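Reviewing the structure listed below.
What follows is calculated from the coordinates using simple rules that are stated; it is not laboratory data. None of the values given here were measured: they were computed from a predicted structure. Cβ placement follows ideal geometry from the backbone for every residue including glycine, while neighbour counts extend to all protein chains displayed.
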Amino acid sequence: MKPAHYVNGAFSTAGPAFPLRSPIDGRQVGTVPEAPRALVDEAVTAARAALDGPWGATGVEERCAFLRAIADGIEARFDEFVDAEVADTGKPRELAATVDIPRAIGNFRAYADLSYGRPDRAYNTRVPGWSGTGEALNYTVRRPLGVVAVISPWNLPLLLLTWKVAPALAAGNALVVKPSEETPSTATLLAEVIDAVRLPHGAFNLVHGHGTGAAGEFLTSNPGIDAIAFTGESATGSAIMRAAAQHVTPVSFELGGKNPALIFADADLDEAVEGTLRSSFTHSGQVCLCTERVYVERPIFDEFVRRLGEKAGQLKDYGPMISAEHRDKVLSYYRLAVEEGATVVAGGGAPSFGDERDGGYYVEPTVLTGLAADARTVREEVFGPICHVAPFDDEAEAIRLANDSPYGLAATVWTSDLSRAHRVAPRIEAGIVWVNCWNLRDLRTPFGGVKASGIGREGGEYSLDFFSEPVNVCIKI
Ligand code: NAD
Ligand code: 6OD
């Protein structure tokens, strides 16, 4: 399968090609077409025409049937999707086969379930005259936003793309989707599935390419876009906001994080260590929800650090960073941490395997201690397998440290005291707080971040609300 654009029901490789490399060994494994501006414009025009054509005339039940057919189509080609995700990201096969691809299927099924019958949610009120206007019946319906741009990152490529595509289609929008330039493959397979289920042409368009000065920017600055749903770095979010400001385009943003874990002395230590190992090192730390700041109550600090460091040092089957550039960025933080005075408890460099992986983009799972609260390594998102562990003395200090960040995406709290869990969790400035667990997901719940971690919430009704517009109809009686 070669990465291809999909615009108005036609596949193409228009535009110059750039190399696609395997993060596992650095070899070039293919090329990706870079969408020229004209193709992006064509995709936006096709999406608009779809809304004015058969796609715009579909009812929600028909759209839900499409979503279910797409889920079935991915399932029928499950292994191909897994292979493609592993090839692009280098992530362990087990992760792609148990998380990425099942969740993509789950995203379509969940939004089919949640959307079916949703127009019935339209509410109405009959009110006596107000300010002498006479009695009226008001009812409110939701209509699609129109043409939505979906821009997604490389870390969970299909999961995060479909997390927006599914609700946006369910709500009746037409889409122009741009996946990360690093991970074009599962998006192309998705386009093949969508083509096979005969979604009306133009309802889903896919363009590949880079962000700045390229396909991403061509898309976000196109005046024909009615909304932008973006997941990626906070700095990219700022750039997209500037483009969106031009046409006052609404945005839904899921951005970066520097997520804290609070480990209280009354926590089950085995579970807290295992949980933090998972939350810091899953997908080599390349999950926006990963823990990079760990705060441990002083009586168990030394024991916790010893155990976490030991287990991190024993990790073997971890995947690479996505690119040479990202590996170099992560390694530069490893060096910076030492310059800033860190003690390296585990890792701290690049591993040597003695096989083809030495040409790949691997870094060691790294545990640090000893940094000041204002160290750059403690404040900036690294997006790699790194965590810094610091002690705290009481609940108030733990909450203050957790909130001492420009970010506010997710947090974990480890305690066996139920009252403490309820007291602490709502005081953490984050969109998601997990207690005695991490990344336990119910797709109906609100998902998103505060501060530099995002704007708005997705998930369940929250996505369906973002991807549709309430229209109030007032009938004078
Ligand atoms: P990125 O911001 O570099 O790129 C994301 C997407 O935006 C890519 O498709 C890219 O081509 C595009 N893009 C870049 N510049 C653009 C521009 N000026 N205009 C339009 N599009 C542009 O992010 P990344 O490196 O792919 O992903 C890692 C980042 O994403 C991390 O910061 C991580 O925390 C964040 N992330 C957040 C969530 C969340 O749910 N909050 C989920 C996953 C990743
Ligand atoms: O689980 C999800 O729905 C979700 N959006 C996860 C994001 C992970 C970030 O890398």
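Would you please give the FRET efficiency between residue 380 and residue 475, computed as 1/(1 + (r/R0)^6) with r the Cβ-Cβ distance and R0 = 60 Å, to the nearest 0.05?
Working: r = 55 Å, r/R0 = 0.92.
Efficiency, from the Cβ-Cβ distance: 0.60.
Treating each Cα of the range 217-283 as an identical point scatterer and ignoring solvent, apply the Debye formula and state log10 I(q)/I(0) at q = 0.13, 0.14, 0.15, 0.25 Å⁻¹. Debye output, listed in q order: -0.54, -0.58, -0.61, -1.03.
Modelled this way, with points 7 Å down the Cα-to-C-beta line, the labels at residue 135 and residue 8 are 5.3 nm from one another. Note on the range 263-408: Rg/Rh from C-alpha atoms, Kirkwood Rh, equals 0.96.
The chain: longest stretch without exposed trypsin sites (Lys or Arg not before Pro) (DSSP loop, at most 15 other Cβ within 10 Å), sites themselves excluded? Here the longest run is 28-197. Averaging the sequence gap over all C-alpha pairs within less than 8 Å and six or more residues apart, then dividing by the number of residues, gives the chain a relative contact order of 19 percent.
Residue order for 422, 283, 5, fewest other beta carbons within 10 angstrom first, comes to 422, 283, 5.
Using the alpha carbons alone, the radius of gyration of the chain stands to its Kirkwood radius in an Rg to Rh ratio of 1.00. If you look at the Cα atoms of the range 236-331, you get an Rg and a Dmax of 17.8, 55 Å. The angle separating the long axis of helix 324-339 from the principal Cα axis of greatest extent in the chain is about 40 degrees.
Simple rule: put +1 on each Lys or Arg Cβ and -1 on each Asp or Glu Cβ in the chain, find the dipole, and look at 168, 425, 92; the Cα lying farthest toward the positive end is 168. About the centre of its Cα atoms, the range 259-442 shows a dipole size close to 240 debye [charges on the beta carbon of Lys, Arg (+1) and Asp, Glu (-1) only; nearest 20 debye]. Per-residue extension of 0.36 nm, minus the Cα-Cα distance of residue 461 and residue 37, leaves a gain of 149.2 nm for this segment.
Placing dummy labels 7 Å off each Cα toward the beta-carbon, the span from residue 271 to residue 192 is 4.3 nm.
Annotation: the residues 440, 161, sorted from fewest to most other C-beta atoms within 10 Å of their own C-beta, follow the order 440, 161. Pairs of Lys residues in the chain are counted when their Cα atoms are under 26 angstrom apart and they lie 8 or more places apart or on different chains; the count is 22.
Taking the Cα centre of the chain as origin, work out the dipole magnitude from +1 charges on Lys and Arg Cβ and -1 charges on Asp and Glu Cβ, in debye rounded to 20.
Values: 44 positive and 61 negative charges, 246 e Å.
Its charge dipole is roughly 1180 debye.
Note on the chain: dipole from Cβ charges, positive end direction compared against 294, 81, 7; the farthest Cα belongs to 7.
Longest span of the chain, sites excluded, free of chymotrypsin sites (Phe, Trp or Tyr not before Pro) in DSSP loop with at most 14 other C-beta atoms within 10 Å? Please report the intermediate quantities before stating the final value.
Working: sites that count: 123, 130, 353.
Longest stretch, sites excluded: 131-352.
With Cα atoms defining each centre, the range 142-198 and the range 290-312 are spaced 39 Å apart in the structure. Taking the charge dipole of the chain about its Cα centre, with +1 at Lys and Arg Cβ atoms and -1 at Asp and Glu Cβ atoms, the residue from 415, 180, 277 reaching farthest to the positive side is 180.
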